[in-house]
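Below you'll find the structure, written out as structure tokens, and then a few comments.
Read-outs throughout are calculated quantities, based only on the coordinates presented, and are distinct from any laboratory measurement. Quantities reported herein were computed from a predicted structural model and do not represent experimental measurements. Here the Cβ is made from the backbone with ideal geometry for all residues, glycine too, and neighbour counts use every protein chain on show.
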Amino acid sequence: MKKTLLTLFAFSAIALSACKKDHQVNIAPPYPDMAEAADPAVLMTTADGVKVYNGGFGSAIAPDSKDANVFYLLTDRGPNAAGSVANAIIFGKADFTPEIGKFRLKDGKLVLEQAIQLKNTAGQPLNGLPNPTGEGATGEIAFDLSGNQIAPSADGIDSEGMVLASDGTFWISDEYGPHIVHFDASGRTIERINPFGTGTGGRKIPLVFAKRKPNRGMEGLTITPDGKTLVGMMQSPMLNRNKTTVANSTILRILTFDIATGATKQYAYVMDNVSLTGVSDIVAVNATTFLTIERDGLYGGAPTKPATFKKVFKISLTGATDISDEANSATGKLYDTKTVEELNDQAGLQGAGITPVSKTLVLDLLKDLPTVYPHDKAEGLALLPGNILAISNDDDFGVLDNGKGGFAAKILPATNTVDHNSIYFVKIKL
């Protein structure tokens, strides 16, 4: 009996020790106000000597629930610039593969430990090129730096929103289709879902989402805490019916997608004003409450034309009207012959009997940080234990459009340094 009791005590001690260790893994360390990516590699150097960095991580952020010092950051389609003709996009590196970077917070810096390249179902690398007609085409025409036209690609993805699921897989949304793609832990495609049914597995999201504005697709993606529902956020008002009829619209769509059944719902979100770039990300607080980040496209702290709007809002689906269309028409459900986007604003929605999601201010990046927020693109949100909000920026690979079909260094006006990926950590009240 004595031996049995001693054995039980020993096993209990081991179990308690293991629990303590597991618990400690999930306790957030004292995060710095800001951590910047350490020594980003040079992806390429242009003929006129401009360095293009890799870099590019920050379109979305996902924390590792098992290690409070690890963050996954997402690139978009790669370094690009506007061409000299309508709809032309110059791709600095046409064979760039969008990827997920695994970063570790160490000594106040973000250290890249692993790059997970995104691949198709056959394990071949994806790319950032526009999609063909009928498969998510935006009307953009791709060229390389030498002026050669590049064919569209069914494997193109402009990755923007990201979720790290509890099983270690990733869900990513993009600005082309829009597509929602499920990747395994190695970055290989499991399922690709879009409005056209041209992905894998045959599942679709509502056809109206094909009306997204080019380069303003499904910018944000999150998952409810129970792991059952994806929630996608469009960046801007969709061109529904067309560009002219929604020129003054501030209405965005939120999509919920039941992972098991594929069932969807839609809700209206009202952007603060029509001049904004839109909503860059969404993150779940609970099953019905979320945080969004809404912004302009200007630099914080710039001596001329400084940013005026980079705000985090708490929104709730509770009481909001489901604007889904049972007929799954190309324009979605109509209200007195108007599309939801054509209702323009809060008053238009209310006149049609639609209640949008509620929205309250949580954080103003331009006023509530201990230092100046110098970036233009606050794009990723993650909610950490203790109501710590992590905000990542898209640094555009350290370059911007030089207005001549090429690249110039992306210099932050407030610091006179090249823009690099950073995470800002802020305790918020919810």
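A few remarks follow.
- Restricting the stretch 264-281 to residues that are of a type in the set (Ser, Thr, Tyr) and in contact (Cβ under 8 Å) with a residue 40 or more places away in the chain leaves a set whose member that is nearest to Asn194 (Cα to Cα) is Thr264.
- In the set Asp376, Asp396, Asp419, Asp364, only one residue is closer than 18 Å to Ala307 by Cα, among the acidic types (Asp, Glu) and exposed (fewer than 15 other Cβ atoms within 10 Å of the Cβ); that residue is Asp364.
- Selected residue [touching a residue at least 24 places away in the same chain (Cβ under 8 Å), surrounded by fewer than 18 Cβ atoms within 10 Å (Cβ to Cβ) and among the acidic types (Asp, Glu)] from Asp39, Asp76, Asp95: Asp95
- Hits in the stretch 208-237 - residues which are closer than 21 Å to Glu140 by Cβ and of a type in the set (A, V, I, L, M, F, W, C): Val208, Phe209, Ala210, Met218, Met234
- Matching residues in the stretch 285-314 - criterion: being without any contact (Cβ under 8 Å) to a residue 24 or more places away in the chain and basic (Lys, Arg): Lys305
- A single entry from Ser280, Ser316, Ser329 fulfils the requirement of being under 23 Å from Pro206 (Cα atoms), surrounded by fewer than 18 Cβ atoms within 10 Å (Cβ to Cβ) and in contact with a strand residue (DSSP E or B) (Cβ under 7 Å, 6 or more places away or on another chain): Ser316.
- Strands (runs of 3 or more DSSP E) enclosed by the stretch 112-186 - at least 1 residues per element that are among the small types (Gly, Ala, Ser) and either under 24 Å from Ile90 (Cβ atoms) or out of contact with any helix residue (DSSP H, G or I) (no Cβ under 9 Å at 6 or more places or on another chain) (or both): 141-143, 159-164, 170-174
- In the stretch 310-339, the residues that are assigned to a loop (DSSP other than H, G, I, E, B) and touching a Lys or Arg at 6+ places or on another chain (Cβ under 7 Å): Asp322, Ile323, Ser324, Asp325, Thr331, Thr339
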